[in-house]
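Please read the structure below before turning to the comments.
The values are calculated or read from the model by the stated rules, or taken from the named source; none is laboratory data. What you are looking at is a predicted structure, and each value in this text was computed from that prediction instead of being measured. Quick reminder, even Gly has a Cβ in these numbers, built from the backbone with ideal geometry, and neighbours come from all protein chains shown. To get the accessible areas, we keep the full protein, side chains included, count just its heavy atoms, and leave off ligands, DNA and RNA. Shrake-Rupley method; radii C 1.70, N 1.55, O 1.52, S 1.80 Å.
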Amino acid sequence: MKTLAKYAIPAAILCILPFLIDAAFGKTWVRIVDFALLYVMLALGLNIVVGFAGLLDLGYVAFFAVGAYLYALLASPHFGLHLPFWLVLPLGAFAAGLFGILLGAPTLRLRGDYLAIVTLGFGEIIRIFLNNLNAPYNITGGPQGIDLIDPVRLGPWSFGHSVYAYYFLFLFFVLFTAFVSTRLQHSRIGRAWIAIREDEIAAEAMGIDTRNVKLLAFAMGASFGGLSGGLFAGFEGFVSPESFNLMESVMILCMVVLGGMGHIRGVIFGAILLSVLPEALRYVGPLQQSVFGRIYIDPSSLRMLLFGLALILVMLMRPAGLWPSPTRKRELSAKGETARHENTNVYDAGR
Amino acid sequence: MPDARLLEIENVSKHFGGILALTDVSLSIEKGEIYALIGPNGAGKTTLFNVITGIYKPDSGSFRMEGIDLSGKKPSMMAKSGIARTFQNIRLFSNMTALENVMTGRHCRSKSGIIGAIFRNGNNRTEEIETEEKAMHLLDYVGIRKHADMLAKNLSYGDQRRLEIARALATEPKLLALDEPAAGMNHSETDSLKGLLERIRSDGITILLIEHDMKLVMNLCDRLAVLDFGKKIAEGKPGDVSSNPLVIEAYLGGS
């Protein structure tokens with residue numbers, strides 16, 4: 001009975017959520033929530049690389065691009081191919097995973113800042129390739145991108161442009177990626193990832209083949225990105241290199257760090273917060289209008305200003321993230337315990 | 001008669017730039033003994049350790065474990081081949097619990113991959129349960145079972161040393177290499193460490209030990225070698241070595 005309540009109530013809420021949002025704020029907001037779900041998938045993927053294995057990746061959006069473009073190329077009039085969704089999506093995840101290994105292999109010896117620079121370069125390379133592969137043969141459509149991408153279709157039923165249908169599709173994949181992440185975290189492989197994050201030399205000395213395990217982390221993380229990319233292409237019906245710039249990578253990294261690196265629920269929370277918050281801050285303009293009668297500060301610049309301020313404040317006050325893992329919390333309370341203990345000892349010594 | 005030699009090191013040399021850290025060091029360690037490596041600071045003890053655990057590749061020379069040449073292999077291969085180690089400066093996985101640290105040590109003796117982890121099939125479940133049971137047993141063995149759920153970095157110094165030993169034992173080594181396990185310990189901690197090492201030996205694991213605590217070394221080890229400026233200057237039973245004039249000179253400074 002208890003487990004039923006534990007799962008049934010959240011499930012019911014998630015099922016009626018898009019309709020409630022539509023009723024309260026309009027369809028635009030359902031669309032924003034759909035995008036938030038895509039970001040959750042991306043953040044969970046990046047969390048494997050950054051949060052678990054501790055490999056700082058600043059070019060993560062490249063894998064999102066690989067998944068999206070593969071979908072666009074194989075299911076649009078661009079090449080006249082119209083492969084079904086259930087085939088293209090896993091292909092996209094698989095291709096992104098291969099790209100993950102491609103990025104991982106030359107960077108195995110790098111850590112921290114150096115790795116960040118190389119991955120940043122990798123992300124840009126992919127974007128620039130997509131931007132320029134329209135001559136002499138038009139492969140990616142260049143800066144114009146690819147449009148008229150087939151919407152997701154399951155059997156005879158097309159998702160069309162229904163924000164509700166995509167909501168449930170994305171929700172399914174979010175639950176899937178969260179499930180896989182959780183299972184991986186508490187497994188032999190997950191422990192090896194975390195061990196590498198904690199101390200790579202010790203991990204290697206304990207018999208962990210750090211090369212393979214790191215490549216596995218890159219491939220797993222990237223395939224989540226590819227999955228999300230495929231869904232994005234089907235949802236938007238249009239892809240162009242612009243959607244895959246450095247800012248996107250930085251944004252996804254912010255979601256992971258802000259939510260609580262390595263903590264799956266925290267990362268999900270961070271992703272939802274950071275994808276919804278900038279949209280919510282759009283209302284700052286109309287708000288000024290109604291309070292002061294005119295707009296003092298341009299809302300678009302104020303939006304990013306407030307957003308940056310929020311990030312700085314959170315990092316100052318909660319460096320472990322908004323929702324850190326219970327272990328992290330225990331670590332803090334344990335420190336408190338030691339401090340109390342030491343204080344009593346000092347007190348005893350003073351008597 | 002079966003070959004009693006477990007690890008044979010032959011003419012291993014290693015230099016860093018112009019510094020000869022090891023010059024033609026040869027020694028052999030027999031099964032079931034506690035073999036100590038002593039020498040002044042900078043004598044090359046840790047370098048030799050790093051060579052046989054794969055962190056450094058030797059410039060020349062080789063070493064064999066039960067007759068199999070392992071020189072120049074990766075550290076993870078050394079662990080798989082049965083050489084486990086601890087570090088001079090403790091290198092635990094700080095933000096993992098004590099139990100998780102030891103479970104991680106079982107990595108090379110288990111084999112579930114991604115698929116097993118996601119679907120949690122029968123094999124994977126049995127293996128996870130076994131991993132956890134063995135890890136718990138090892139925590140008990142080194143005497144820190146009650147701290148199983150504490151983060152490694154919150155353990156006391158002595159317990160961290162013990163945890164490192166438990167983690168190394170989890171790889172099911174034939175040779176346990178300990179780099180200054182008693183460093184920073186007080187008398188009673190050193191005594192209980194001695195008890196633990198004797199117990200490990202009696203359970204059939206050979207121990208290679210670097211240690212500065214002479215009282216501990218002389219009471220504990222079966223044989224020892226003395227390194228000075230990267231060369232082996234003496235080898236033998238504790239009593240013989242401590243009266244060797246070369247050793248006395250290396251430690252006290254010759255005229």
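Set side by side, the residues A:LEU171, A:LEU154 differ, and just one is surrounded by 15 or more Cβ atoms within 10 Å (Cβ to Cβ) and of a type in the set (A, V, I, L, M, F, W, C), which is A:LEU171.
The lone criterion from (1) within 13 Å of chain A (Cβ to nearest Cβ); (2) of a type outside the set (Ser, Thr, Tyr); (3) in a helix (DSSP H, G or I); (4) surrounded by fewer than 22 Cβ atoms within 10 Å (Cβ to Cβ) left unmet by B:ASP140 is number (1). If you go through the range A:175-194 and keep only what is under 19 Å from the mean Cα position of the chain (by Cα) and open to solvent by less than 10 Å² (accessible area, probe 1.4 Å), you end up with A:THR177, A:VAL180, A:SER181, A:LEU184, A:GLY190, A:TRP193. Of the residues in the range A:107-120, none is more than 13 Å from every other protein chain (Cβ to nearest Cβ), within 30 Å of B:GLU128 (Cβ to Cβ) and aliphatic (A, V, I, L, M). Residue count for the range B:112-137, restricted to those that are more than 8 Å from chain A (Cβ to nearest Cβ) and of a type in the set (Lys, Arg): 2.
Among residues of the range B:120-133 that are under 22 Å from B:ALA166 (Cα atoms) and assigned to a helix (DSSP H, G or I), those with a Cβ under 8 angstrom from a residue that is open to solvent by 90 Å² or more (accessible area, probe 1.4 Å) and not small (Gly, Ala, Ser), sequence gap 6+ or separate chain, pair up as B:GLU127/B:LYS111.
Can you find a residue in the range B:228-251 that is assigned by TED's automatic domain parsing to the domain that holds B:ALA21, within 17 Å of B:LEU163 (Cα to Cα) and not hydroxyl-bearing (Ser, Thr, Tyr)? No, there is no match, as no residue in the range B:228-251 is assigned by TED's automatic domain parsing to the domain that holds B:ALA21, within 17 Å of B:LEU163 (Cα to Cα) and not hydroxyl-bearing (Ser, Thr, Tyr). Applying the condition of being of a type in the set (A, V, I, L, M) and assigned to a loop (DSSP other than H, G, I, E, B) to the range B:54-78 and asking which residue is farthest from the other protein chains (Cβ to nearest Cβ) yields B:LEU70.
Return yes when B:THR131 is touching a strand residue (DSSP E or B) at 6+ places or on another chain (Cβ under 7 Å) and among the hydroxyl-bearing types (Ser, Thr, Tyr) and no when it is not. I'd like the intermediate steps shown before the answer.
Values: touching a strand residue (DSSP E or B) at 6+ places or on another chain (Cβ under 7 Å): no; among the hydroxyl-bearing types (Ser, Thr, Tyr): yes.
So B:THR131 fails the test.
Give me the pairs, please: first residue somewhere in the range B:79-97 and more than 7 Å from chain A (Cβ to nearest Cβ), second residue anywhere and open to solvent by less than 10 Å² (accessible area, probe 1.4 Å) and among the β-branched types (Val, Ile, Thr), beta-carbon distance under 7 Å, and either six or more positions apart or on two chains. From residues that are more than 7 Å from chain A (Cβ to nearest Cβ), the pairs are B:ILE83/B:ILE52; B:ILE83/B:THR53; B:ALA84/B:THR171; B:THR86/B:ILE165. Scanning the range A:54-68 for residues that are of a type in the set (Phe, Trp, Tyr) and open to solvent by less than 10 Å² (accessible area, probe 1.4 Å) turns up A:TYR60, A:PHE63. With respect to the conditions (1) at pLDDT below 90; (2) in contact with a strand residue (DSSP E or B) (Cβ under 9 Å, 6 or more places away or on another chain), B:ASN11 falls short on a single one, namely (1).
Filter the range A:27-72 down to residues that are outside any helix (DSSP H, G or I) and among the hydroxyl-bearing types (Ser, Thr, Tyr), then give me how many there are.
The first filter runs over the range A:27-72 and keeps only residues outside any helix (DSSP H, G or I), leaving A:53-60.
Then keep just the ones that are among the hydroxyl-bearing types (Ser, Thr, Tyr); that gives A:60.
Qualifying residue count, the range A:27-72: 1.
Residue check: A:SER162 meets all listed conditions (1) open to solvent by 50 Å² or more (accessible area, probe 1.4 Å); (2) free of Cβ contacts under 8 Å to residues at least 40 places away in the same chain; (3) more than 14 Å from chain B (Cβ to nearest Cβ) but one, namely (1). Every listed requirement among (1) surrounded by fewer than 18 Cβ atoms within 10 Å (Cβ to Cβ); (2) under 23 Å from the mean Cα position of the chain (by Cα); (3) among the charged types (D, E, K, R) is met by A:ARG197 save one, (1). Figure legend. Inter-residue proximity from the range A:187-211: first residues at the interface with chain B (Cβ under 7 Å from one of its Cβ atoms) and within 14 Å of B:THR131 (Cβ to Cβ), second residues aliphatic (A, V, I, L, M) and open to solvent by 20 Å² or more (accessible area, probe 1.4 Å), beta-carbon distance below 8 Å, spacing 6+ or different chains. Indicated pairs: A:ILE189/A:LEU216; A:ILE189/B:ILE114.
Filter the range B:98-107 for residues that are open to solvent by 10 Å² or more (accessible area, probe 1.4 Å) and facing another protein chain (nearest Cβ under 7 Å) and give the result. B:GLU100, B:MET103, B:HIS107, listed by residue number.
When you look at A:ALA205, is it at pLDDT below 90 and more than 30 Å from A:ASN131 (Cα to Cα), yes or no? Spell out the reasoning first.
Values: at pLDDT below 90: no; more than 30 Å from A:ASN131 (Cα to Cα): yes.
Here the answer is no, as A:ALA205 does not meet what is asked.
Screening A:LEU46, A:LEU73, A:LEU17, A:LEU55 for residues that are under 21 Å from A:ARG265 (Cβ atoms) and modelled with pLDDT under 95 leaves exactly one candidate, A:LEU17.
Condition test on B:ALA43, is it more than 14 Å from chain A (Cβ to nearest Cβ) and modelled with pLDDT under 90? Considered against the rule, which asks whether it is more than 14 Å from chain A (Cβ to nearest Cβ) and modelled with pLDDT under 90, B:ALA43 comes out as yes.
Residues in the range A:109-132 that are open to solvent by less than 60 Å² (accessible area, probe 1.4 Å) and over 24 Å from the mean Cα position of the chain (by Cα): none. Per the listing B:LEU92, B:LEU7, the residue uniquely out of contact with any His (no Cβ under 8 Å at 6 or more places or on another chain), among the aliphatic types (A, V, I, L, M), farther than 29 Å from A:ARG191 by Cα and buried (at least 16 other Cβ atoms within 10 Å of the Cβ) is B:LEU7.
Residue under question is A:GLU242, and the condition is that it be closer than 30 Å to B:ARG106 by Cα, of a type in the set (Asp, Glu) and in a helix (DSSP H, G or I); does it hold? Lay out the reasoning, then the answer.
Working: closer than 30 Å to B:ARG106 by Cα: no; of a type in the set (Asp, Glu): yes; in a helix (DSSP H, G or I): yes.
Considered against the rule, which asks whether it is closer than 30 Å to B:ARG106 by Cα, of a type in the set (Asp, Glu) and in a helix (DSSP H, G or I), A:GLU242 comes out as no.
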